[in-house]
């Protein structure tokens, strides 16, 4: 394991995104939410989101939503837009996807209440529009995950959580 103490730390809340232009260790905890990491390793820049709903177009916000990263579609748009302003193209990115657990409400991926499955479908659909393939993923299932993401390298460590929120040690 790396020496994480030398990096500034950020805990990513639900519905937030983080863009790291300096080396930063970002942690978050996911259930049915999805965490998407984008990293341009040559430029040492990375971004991560913690989205909890699949599609902003199905949500009536009566105007502009102040928390764009709560939705998969707008979180990806926001992160891609920010990276493009830094002259980073989608072709330079290493993309990883995590989370999307079924949670306690659903064991059947066909269930309309399966937010985790719907989040994952939205991620696949949105990334396909950019022509991006996922380099690594740990998705689905019924257990939560804790992520540690180093923005400048794109490295991600995943700890699976028991139902009582204890970490499963490898």
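All of the numbers you see were taken from the coordinates with simple rules; none came from a lab. Note that the structure is predicted; figures quoted are calculated from it, not measured. Here Cβ is always computed from backbone atoms with ideal geometry, including for glycine, and neighbour counts include all displayed protein chains.
To two decimal places, what compactness ratio does region 14-160 give when its Cα radius of gyration is scaled by 2.2 N^0.38 Å?
0.98
Between residue 143 and residue 86, what FRET efficiency comes out of the Förster formula 1/(1 + (r/R0)^6) with R0 = 30 Å and r the beta carbon distance, rounded to 0.05? If you can, show how the numbers build up before the last one.
Numbers: r = 35 Å, r/R0 = 1.17.
Calculated transfer efficiency: 0.30.
Taking the average, over residues, of other Cβ atoms within 10 Å as the packing measure, peptides 12-20, 132-140, 31-39 rank 31-39, 12-20, 132-140 from highest down. Per residue, the average separation of C-alpha pairs within less than 8 Å and at least 6 apart gives region 14-160 a relative contact order of 35 percent. The stretch between residue 135 and residue 27 holds 36.9 nm of extra length on full extension. This uses 0.36 nm per residue minus the Cα-Cα distance.
How much of the DSSP bridge set in region 14-160 is antiparallel, in percent, rounded to the nearest 5? In region 14-160, DSSP labels about 80 percent of beta bridges as antiparallel.
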